[in-house]
1. Treat each spin label as a single point 7 Å out from the Cα along the C-beta direction, and report the GLU159 to GLN88 distance in nm.
2. Which of the following values of percent of Cα pairs over 35 Å apart was calculated from the structure shown: (1) 13; (2) 10; (3) 18?
3. Students often get this wrong: which residues of segment 128-150 have the backbone nitrogen under 20 Å from the point 7 angstrom along Cα-to-C-beta of ASN179?
4. Once you have the Cα-Cα distance between LYS227 and LYS57, take 0.36 nm times their residue separation minus that, and quote the gain in nm to one decimal.
5. Using the alpha-carbon centroid of each, what span in Å lies between segment 208-222 and segment 152-201?
6. If neighbour count is taken as other Cβ atoms inside 10 Å, put LEU10, LEU54 in order from fewest to most.
7. Which residues does a label at ALA167 reach in segment 187-215, if reach means a backbone N under 17 Å from a point 7 Å past the Cα toward the Cβ?
8. With n ≥ 4 as the cut-off for DSSP H runs, can you work out [θ] at 222 nm for the chain, using -39500 (n - 2.57) per run divided by the number of residues, rounded to the nearest 500?
Amino acid sequence: MKAPNFRKMLKEGEAWKVSARIEKKGNRKIWMKKSVRSQHSIPNDKNLLAKVGLNKKDKILTIAGYYGDWTNALAKAGCKTTYSEISQPLTNWARKKFSKNKNIKKFVCANYITLPKNKNEFDWTITFEPVGGEMGLSIAIIKSLLNKKGFKVIHYPRENKPLESYARYKLLANVYNCNFNRKSVFIKGINYKFQSLDKKHIITTIKTNEKARKKAMEDINSLEKNKFTKESLKRLNQISKLIDKRYLKKIN
């Protein structure tokens, strides 16, 4: 049987904290500026929450927050949001740019496999085009099952993000007996080149439930403590199909 190597994911995730174009200049490390610092799509749609499938009262954790445009848009639409990103420079940038948005309650620099910390802390975990799909994203989705409602990933289809991106996570929904849904919806906005969006976004949703929360809690405890129950190991062995073999370990 195989299981994700949680500790190795945490350790290798440390290297990602120096992302966001940090380069060495002599003895100094400098965050290199870009002419455009934004996510690939920047929504500006009065019906954003309805199109994504959210309510104004929802409390949201955004993971892999990058430059923060989606966190900001969801907060402007009325949701209470927490921005998170593993890169400290990116977290600092988002805080500096969007700190006036009072619906963004926190800016957190953390590996997304460690969030959320508590059961029912948030309604949703939401992310726009996260990376680490063969490393820690599956663990972050399991973590999201601790929420009141679940997980949503949003992406804007193009050559390097095809239509079927993130469809593979239906396996997680099956393992934890959760509802899985994907829909295409047109969301008004601009791209990072300030051009109007002309394609539909894909919203992939995994809805949690009380049984899924219980299983997810058991599996997260198993990963963190490196002690596996029989049922937990069975589930984690199944989701290991989603993870690169470098981040797996054999459990006798």
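What follows is calculated from the coordinates using simple rules that are stated; it is not laboratory data. Keep in mind it's a predicted model, so treat the numbers as computed, not measured. As a convention, Cβ positions derive from the backbone with ideal geometry for all residues, glycine included, and neighbour counts pool all protein chains shown.
1. According to this spin-label approximation, the distance is 3.6 nm.
2. Label (1) holds the value from this structure.
3. 141-150
4. So the extension gain works out to 57.4 nm.
5. Using only Cα atoms to place each centre, the spacing works out to 25 Å.
6. Least to most surrounded, the residues fall as LEU10, LEU54.
7. Answer for this model: 200-206.
8. Helix-only estimate at 222 nm: -8000 deg cm²/dmol.
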